[in-house]
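Have a look at the structure below, then the notes.
The values are calculated or read from the model by the stated rules, or taken from the named source; none is laboratory data. These numbers were taken from a predicted model, which means no experiment stands behind them. Every residue, glycine among them, receives a Cβ derived from its backbone with ideal geometry; neighbour counts consider all protein chains shown. Accessible surface is based on the protein model in full, side chains and every heavy atom, while ligands, DNA and RNA are left aside. Shrake-Rupley method; radii C 1.70, N 1.55, O 1.52, S 1.80 Å.
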Amino acid sequence: MATVAEALQQNRAAVEEFLSTAAGSAAHWTAPRAPAKWSPSQVTEHVARALEQSSYAIAGKPTVFPVFPRLLRPVMRGVFFNRMVRTGVFPRGAKTNKPMDPESGPPTVAEARARLLGALAVLEAASSARGPHEQLVESTTFGPVSLVDYLIFQAHHTRHHRPQLEALP
């Protein structure tokens, strides 16, 4: 099993890979890939929000993530979360909730870099502030999950969105 430090490194690597791809997206930065799809700018804002909101969950603060009934959380954890952590594959056609659906994002790739690195720093700080006996995160969607798995989930989420930055078809 990975450590918190290793899971944080996975997030740093995922963000750097994302930003590397974003750097090649300047020519179409604010153009959606297709009707009703996000632009690279919006994708970046979504990923930044996910990292920030995850840091709030890690810190035990309220988030804008969906709140599922407590009885449903173990099902969501078993059917979705555990599989995504294990495989890195997110379900096709999954939709985000309204607060995570950005109308716009950073206006330039340079500002996107700052935005995403800032969100990553917040995630790292929240994770590092946890004591050795505080290794569970209480997710309003999945119930209690290990901090390491929660961080790995976030790294997978960042990588999941990277292809959406690539050149328009």
Members of the stretch 10-61 that are of a type in the set (Gly, Ala, Ser), outside any loop (DSSP other than H, G, I, E, B) and under 23 Å from Val85 (Cβ atoms): Ala13, Ala14, Ala48, Ala50, Ser54, Ser55, Ala57
Residue list for the stretch 78-107, restricted to those being among the polar types (S, T, N, Q) and either in a loop (DSSP other than H, G, I, E, B) or exposed (fewer than 13 other Cβ atoms within 10 Å of the Cβ) (or both): Thr87, Thr96, Asn97, Ser104
Take the residues in the stretch 62-77 that are assigned to a loop (DSSP other than H, G, I, E, B) and of a type in the set (Val, Ile, Thr), then tell me which one is farthest from Lys95 (Cα to Cα). Thr63
Number of positions in the stretch 129-168 that are more than 16 Å from the chain's Cα centre (by Cα) and in contact (Cβ under 8 Å) with a residue 12 or more places away in the chain: 9
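Residues are listed down the side, and each one gets a yes or a no for (1) among the basic types (Lys, Arg); (2) touching a residue at least 24 places away in the same chain (Cβ under 8 Å); (3) open to solvent by less than 30 Å² (accessible area, probe 1.4 Å); (4) closer than 23 Å to Lys95 by Cβ:
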| site | (1), (2), (3), (4) |
| --- | --- |
| Gln10 | no, yes, no, no |
| Trp38 | no, yes, no, yes |
| Val47 | no, yes, yes, yes |
| Glu52 | no, yes, no, yes |
